[in-house]
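Working notes, beginning with the structure itself.
Just so it is clear, none of the values below were taken in a lab; they were calculated from the coordinates. Note that the coordinates shown come from a computational prediction; the quantities given were computed from them, not determined experimentally. With ideal geometry, Cβ positions are generated from the backbone for all residues, glycine too; neighbour counts draw on all protein chains shown.
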Amino acid sequence: MSDATMQLVDDRQRKRLIRRFGSGVIDWLTGLPALVDDLASEWKLSIEGPAPHGQTSVVLHCRRADGEAGILKISPDPGLGTSEARILRVWESSGRVPAVWEVDAERGAVLLEAIGDGRTVALIGEVPPMEDIGSLIADLHAVDVPCDELGELHPLVSRMNFIFDMWERQRQDGAAADHVPAALLHHGHARARALAQGEDNLVPLHGDLHPGNVIDGGPERGLVAVDPRACVGDAAADAIDWVLWKVTSKEEVERRADTLASVIGVPRDRLLEWCRASAPIFAVANANRGRVDTDHFRLLMELSAC
């Protein structure tokens, strides 16, 4: 990479983008400094440096001419930015997502309001009260989405197919191949497909509401969701990560599910079934990170076999 590109994208992010989009993204990265300069000029921004890595985009701290702090996101896939901006604007009235200030659909760029210091729940590392997580999810689901916008969203079953296919590749290519049998992932996928086909309690879902996509906005904003992969489906699906994150006992799984189900307004048993279906994915992620000798991994494997 050139020195100018390295100021925007480190080697880890470069590898992540190549893994996601293929080797064609290398040419896109070469032109990234010029693209950032053009956007900064057009939108009157001062670029302050990289923000925490995005999975599908380059994310930069910036500041508008009026002094307001912002986040500039640019993706090799322009459609991702357009889709994200559209659903964020739909949810903006909830106060639970950042405001969208600018969108360049052709160049895959989105300028967003910066939330607090930008630290995600994952970076903070502490499990928030489930009441707070439930309120965030409930507020997003309660927004009245216009029928035409709802019709633009993919069904949840498509999202599940994408996720399980991606994690099967991750299993095959990583340390998880030695610890998580393919049959567990395939069984979880079948269960998730069956759950996603349901017709009850269908809402616009965030679709990727894990701790790395929730920012602590402090007392004024509370928890704020970012980076949606919006779809339409069972409301319980947005709560899966929060039941399973850092959990080490079945009793804690049940306590979290009880609280979340009550706040979101979904059946507890259905949320637990979603968690059992999804547990193999979390097991693969932990195995690939070298965490097979943990109570968390052992619990995930136990839930996967239930």
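Overview of values
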{"read-out": "Segment 1-83, relative contact order in percent, only Cα pairs under 8 angstrom and at least six apart counted", "value": "23 percent"}
{"read-out": "Gain in span if fully extended, Glu252 to Asp165, counting 0.36 nm per residue against the direct Cα distance", "value": "28.5 nm"}
{"read-out": "Amide proton proximity set for Ala99, modelled H, under 5 Å, gap of 5+", "value": "Glu113"}
{"read-out": "Residue-wise HN-Hα coupling along segment 195-210, computed from phi with Karplus coefficients 6.51, -1.76, 1.60 (Hz; x: Gly, Pro)", "value": "5, 5, 7, x, 10, 8, 6, 7, 9, x, 8, 5, x, 8, 8, 9"}
{"read-out": "Label-reachable residues, segment 58-89, where backbone N falls under 11 Å from a point 7 Å from Ala40's Cα toward its Cβ", "value": "61-63"}
{"read-out": "Computed over segment 180-306, Kirkwood Rh from alpha-carbon pairs, angstrom", "value": "15.2 Å"}
{"read-out": "Karplus (6.51, -1.76, 1.60) ³J(HN,Hα), θ = phi - 60°, over segment 7-21, in Hz, Gly and Pro reported as x", "value": "5, 9, 9, 7, 5, 5, 5, 4, 5, 5, 5, 5, 4, 7, 10"}
{"read-out": "Segment 135-212: GluC sites (Glu not before Pro) in DSSP loop, at most 13 other beta carbons within 10 Å", "value": "Glu199"}
{"read-out": "For segment 47-188: rounded, prolate or oblate by the Cα gyration tensor [a/c cutoff 1.5]", "value": "prolate"}
{"read-out": "All Cα pairs of segment 145-227, percent lying beyond 20 Å", "value": "53 percent"}
{"read-out": "Per-residue Cβ neighbour rank within 10 angstrom, fewest leading, Asp148, Asp38", "value": "Asp148, Asp38"}
{"read-out": "Global form of segment 167-211, assessed from the alpha-carbon gyration tensor, a/c cut-off 1.5", "value": "oblate"}
{"read-out": "DSSP-defined antiparallel bridges as percent of all bridges, the chain, nearest 5", "value": "95 percent"}
{"read-out": "Separation between Cα centres of segment 245-295 and segment 77-123, rounded to whole Å", "value": "28 Å"}
{"read-out": "Shape call, segment 1-106: gyration tensor on alpha carbons, a/c limit 1.5", "value": "oblate"}
{"read-out": "Computed [θ] at 222 nm, helices only, for the chain once each DSSP H run of length n ≥ 4 contributes -39500 (n - 2.57)", "value": "-15500 deg cm²/dmol"}
{"read-out": "Percent RCO, i.e. relative contact order, over segment 146-293, from Cα pairs under 8 Å lying at least 6 residues apart", "value": "31 percent"}
{"read-out": "Ratio of the Cα radius of gyration of the chain to 2.2 N^0.38 Å, where N counts its residues", "value": "1.00"}
{"read-out": "Globularity index of segment 73-112, i.e. its alpha-carbon radius of gyration over 2.2 N^0.38 Å", "value": "1.08"}
{"read-out": "Residues Ile137, Ile87, sorted so that the one with the fewest Cβ neighbours within 10 Å comes first", "value": "Ile87, Ile137"}
{"read-out": "Rounded to whole Hz, the Karplus (6.51, -1.76, 1.60) HN-Hα couplings of segment 296-302, x for glycine and proline", "value": "4, 5, 4, 5, 4, 5, 5"}
